[in-house]
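Structure record follows, encoded as structure tokens.
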Amino acid sequence: MKKTVIIYGTSTGTCEDLAGRIGAKLGVDNIINVTDMDDSVIADNDNLILGTSTWGAGEMQDDWYDGIKVIKNADLSGKTVALFGCGDSESYPDTFVGGMAEIYNAVKKAGANVIGAVATDGYTFDESESVVDNKFVGLALDEVNEDGKTDERIDAWVAEIKPNL
């Protein structure tokens, strides 16, 4: 596997925990908070695994707003990016994991090769900006209502993305 970093934004610790679990499955121990991301982190890594929780009306976690500025100023050509997001599909079924959408749009515009889209089958929600062509743009996780499915979903996602990292 090429040099990989997992970058997360978290307010309650859930996304940080998920980043650690994904890192353990991938064998990646370079896991940082988005507040520590800068141009050198992007330049030093071939693969970026980016995670956010979703807040309010489908917005990414607050710390990601500065992180998006770093991404928008970066050239991600030749970089591989995978996304994961957490949300609450029961309380916010119309914005479930919507926070991934803005990060997805920014990395695509910056030239990244985005991998790891996940079919919406098996998820209960009404709408999400993070769905493109009937797939989430990354791994969607709901630790509030479907925590019993998290490990299985992480395992399947990691098996899919690992050969491309």
Hey, can you tell me all the residues within the range 98-133 that are buried (at least 16 other Cβ atoms within 10 Å of the Cβ), over 17 Å from residue 7 (Cβ atoms) and of a type in the set (D, E, K, R)?
129
Answer yes or no as to whether residue 44 is closer than 11 Å to residue 4 by Cβ, surrounded by fewer than 19 Cβ atoms within 10 Å (Cβ to Cβ) and free of Cβ contacts under 8 Å to residues at least 24 places away in the same chain.
no
Only one of 95, 12 is surrounded by fewer than 17 Cβ atoms within 10 Å (Cβ to Cβ), over 14 Å from the mean Cα position of the chain (by Cα) and under 24 Å from residue 147 (Cα atoms), namely 12
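Yes or no, residue by residue, for (1) touching a residue at least 60 places away in the same chain (Cβ under 8 Å); (2) part of a loop (DSSP other than H, G, I, E, B):
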residue	(1), (2)
75	no, yes
78	no, yes
84	yes, no
92	no, yes
106	no, no
122	no, yes
140	no, no
143	yes, yes
For residue 71, which of the numbered conditions (1) under 15 Å from the mean Cα position of the chain (by Cα); (2) free of Cβ contacts under 8 Å to residues at least 60 places away in the same chain; (3) within 22 Å of residue 162 (Cβ to Cβ); (4) assigned to a helix (DSSP H, G or I) fails to hold?
(3)
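None of the figures in this text is laboratory data; all of them are computed from the coordinates on show. Predicted, not measured: the structure shown is a model, and the values here were computed from it. Heads up, the Cβs are rebuilt from the backbone with ideal geometry, glycines too, and the neighbour counts pull from every protein chain shown.
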